[in-house]
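Remarks on the structure that follows.
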Amino acid sequence: MKRREFVGGLAVAGLAGCARPESGCDSDTDRSSETFEWSCVTSWPPRFPGLGMAVENLAERLDGASGGRLQIKVYGGGELVPPFEVFDAVSRGTVEMGHGAAYYHKGKVDAAQFFTAIPFGLNYMELNAWIHYGGGLELWRELYAPYNLVPFLCGNTGVQMGGWFNKEINGVEDLKGLKMRIPGLGGDVLRRAGGTPVTLPGAEIFTSLQQGAIDATEWVGPYNDVSFGLHKAARYYYYPGWQEPGPGLECIINQQAWDSLPPDLQALVAVTCQSITIDMASEYTNGNANSLQQLLADPNVELRAFPDEVLQHLKSITAEIVAEMMASDPAAEKIGKAFYAYLDKMEANTRISEQAFLSTRKG
Ligand code: CA
């Protein structure tokens with residue numbers, strides 16, 4: 001298959017072809033002069049702080065580092081395809097690239113959730129370690145291969161917050177009847193604990209919380225939550241974010257588009273995605289600390305830890321739900337086994353390193 005024909009009309013229009021047409025495009029020696037113009041669809045509002053800017057940064061870095069040979073036009077959710085149709089659009093080759101979160105494919109590819117976040121699962125650095133050194137990436141590629149997709153880890157918010165509540169959570173009874181915006185597996189866990197998880201587009205969260213249509217919402221952490229104004233719609237800010245201990249974002253590339261890139265551009269994509277993961281986590285760590293200062297000074301905000309009883313209850317329900325998912329889906333079973341074996345090993349290591357250190361540091 002010729003490179004310029006790989007995914008139909010849009011891609012043909014999107015590829016500039018050879019920079020030196022007189023020399024032909026097919027020999028490897030000429031590949032370095034070829035220019036690629038790709039489209040990337042995302043699950044985020046256009047240029048959304050943090051999540052949406054990560055992919056804008058990816059495009060800018062790839063353009064700069066490739067000397068303009070790989071140019072990517074980024075589309076916000078809904079601009080080209082709806083936010084939750086990124087996976088399908090890249091899979092069928094409507095566009096070459098997508099950016100979002102693998103747990104949005106719950107219901108279609110349940111096992112994909114292991115590559116974003118599992119409640120009480122791997123944190124930011126542990127997820128990086130699993131994906132890049134612990135065999136995670138190979139499992140991820142195997143999972144996505146039937147969908148004609150090549151995945152990369154590309155962004156991480158770090159550990160999130162438990163969320164904003166207008167009801168106090170003093171024990172497991174307080175979860176009963178709780179109407180909360182919480183997507184994914186975290187939502188399933190809340191449902192089994194007696195609550196009512198709801199899914200809302202980001203733009204509707206603030207009003208729903210303020211007007212009492214929901215009792216609580218999780219979103220990300222201080223950096224994003226303050227920019228959404230959630231501290232003006234609820235009083236109690238609970239931690240930790242048991243539901244998302246360090247969610248990784250994904251960059252997905254259509255297989256034929258990937259195969260069309262020369263090796264140096266493939267290597268550039270891989271390393272640039274890694275740089276975005278580190279960069280975004282750094283941005284969030286800095287932004288969270290700054291926004292937390294604002295919240296600590298706000299008399300209308302009460303920062304609270306979830307009672308241990310509540311966390312233990314949510315943890316045991318998580319174990320049940322993940323076990324059921326693994327029992328019903330061979331891919332989830334294979335990946336889940338690898339994930340939990342890694343988590344067990346990591347816990348022993350983290351306990352005597354980061355955890356031990358942080359518990360002794362002045363706090
Ligand atoms: Ca969240």
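Each DSSP beta bridge with both residues in the chain is either parallel or antiparallel, and the antiparallel ones are about 45%.
Taking only protein heavy atoms and a 1.4 Å probe, the accessible area of the chain is 53% carbon and sulfur. Among the trypsin sites (Lys or Arg not before Pro) in the stretch 143-225, those placed in a DSSP loop whose Cβ has at most 16 other Cβ atoms within 10 Å are LYS167, LYS176.
Against the main long axis of the alpha-carbon atoms of the chain, helix 51-65 sits at an angle near 30°.
Take the chain with all the other protein chains still there, run a 1.4 Å probe, and you get 44 Å² of accessible area per residue. The GluC sites (Glu not before Pro) of the stretch 149-210 that meet both conditions, a loop assignment by DSSP and at most 13 other Cβ atoms within 10 Å of the site Cβ, are GLU168.
A simple count of charges around ILE335, restricted to other residues whose Cβ falls under 11 Å of its Cβ and scoring Lys, Arg +1 and Asp, Glu -1, yields -3.
Placing dummy labels 7 Å off each Cα toward the beta-carbon, the span from ASP88 to LEU303 is 4.3 nm. Put a plus charge on the Cβ of each Lys and Arg, a minus charge on the Cβ of each Asp and Glu, and nothing anywhere else: the dipole of the stretch 260-327 about its Cα centre is then about 60 debye.
Summing Cβ point charges (Lys, Arg +1; Asp, Glu -1) relative to the Cα centre of the chain gives a dipole of roughly 400 debye. Of the trypsin sites (Lys or Arg not before Pro) found in the stretch 269-363, the ones in coil according to DSSP and having at most 11 other Cβ atoms within 10 Å of their Cβ are ARG361, LYS362. Quick check: the angle from helix 124-133's long axis to the longest principal axis of the chain, C-alpha only, nearest 10 degrees? The answer is roughly 40 degrees.
The values are calculated or read from the model by the stated rules, or taken from the named source; none is laboratory data. All values derive from a computational prediction rather than experimental measurement. Reconstructed Cβ throughout: ideal geometry from the backbone, glycine too, with neighbour counts over all protein chains shown. For the accessible areas, the whole protein counts, side chains as well, though only heavy atoms, and no ligand, DNA or RNA atoms are used. Shrake-Rupley method; radii C 1.70, N 1.55, O 1.52, S 1.80 Å.
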